[in-house]
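The values are calculated or read from the model by the stated rules, or taken from the named source; none is laboratory data. These numbers were taken from a predicted model, which means no experiment stands behind them. Reconstructed Cβ throughout: ideal geometry from the backbone, glycine too, with neighbour counts over all protein chains shown.
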Amino acid sequence: MLCYVNDNQTTSKKEISLVSININGIRGKKSDLQAFLSVTHPDIVALQETKVDDSITTSELVPSSLDYTIFRNDRTLGGGGTMLLVKNNLSPTNVSNLTNGSESVWAKFSVNGTIHYVASWYRDPDAPSEHILLFREQLSKIMATHKTRKHCFWIF
């Protein structure tokens with residue numbers, strides 16, 4: 001998901017490529033992921049069900065030579081977890097104030113005077129439907145932060 005909010009900053013880029021993958025266990029697929037990234041070079045990659053915890057270092061999963069800033073929200077080695085890979089040239093930052101107990105990780109960056117919010121968000125199929133309210137809460141925080149802006153477009 002991407003949110004565009006108009007701002008007066010001047011990084012320039014014409015297109016942003018985004019890929020979302022339910023990787024269902026990144027450790028066993030890291031070679032495939034690295035090959036995919038090396039060939040396609042997407043600007044943003046949102047991964048769900050990474051199934052790693054903090055005992056696994058980021059460099060074990062995605063080498064720094066691929067030029068991504070990586071944001072993680074780990075759960076356990078056996079399930080869940082989300083990760084965002086954002087190209088370093090976008091100068092992304094973590095949006096920690098959106099952390100609310102949902103299985104998500106958020107980042108933001110500015111391109112052509114527009115602030116972009118991007119998230120990797122996962123809800124286990126067995127989780128209560130109320131977990132969707134956590135997502136809505138995150139969106140409300142973004143809207144409240146930028147309430148003086150006249151335009152905000154959402155892409156899912």
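Could you run through segment 41-93 and say how many residues are out of contact with any Asp or Glu (no Cβ under 6 Å at 6 or more places or on another chain), loosely packed, with under 15 Cβ neighbours inside 10 Å and of a type in the set (S, T, N, Q)?
Number satisfying all stated conditions: 8.
Hey, among ILE16, ILE23, ILE44, ILE70, which residue is farther than 27 Å from SER140 by Cα and within 15 Å of the chain's Cα centre (by Cα)?
ILE23
Restricting to segment 59-117, count the residues that are acidic (Asp, Glu) and more than 18 Å from LEU134 (Cβ to Cβ).
2
Name the residue that is modelled with the highest pLDDT, counting only residues in segment 87-121 that are more than 14 Å from ARG72 (Cβ to Cβ), part of a loop (DSSP other than H, G, I, E, B) and among the hydroxyl-bearing types (Ser, Thr, Tyr).
The residue in question is SER91.
Residues to consider are LYS51, LYS29; find the one that is on the phi < 0 side of the Ramachandran plot and either assigned to a loop (DSSP other than H, G, I, E, B) or at pLDDT 95 or above (or both).
LYS29
Identify, by number, the condition in (1) assigned to a strand (DSSP E or B); (2) more than 12 Å from the chain's Cα centre (by Cα) that ASP124 doesn't meet.
(1)
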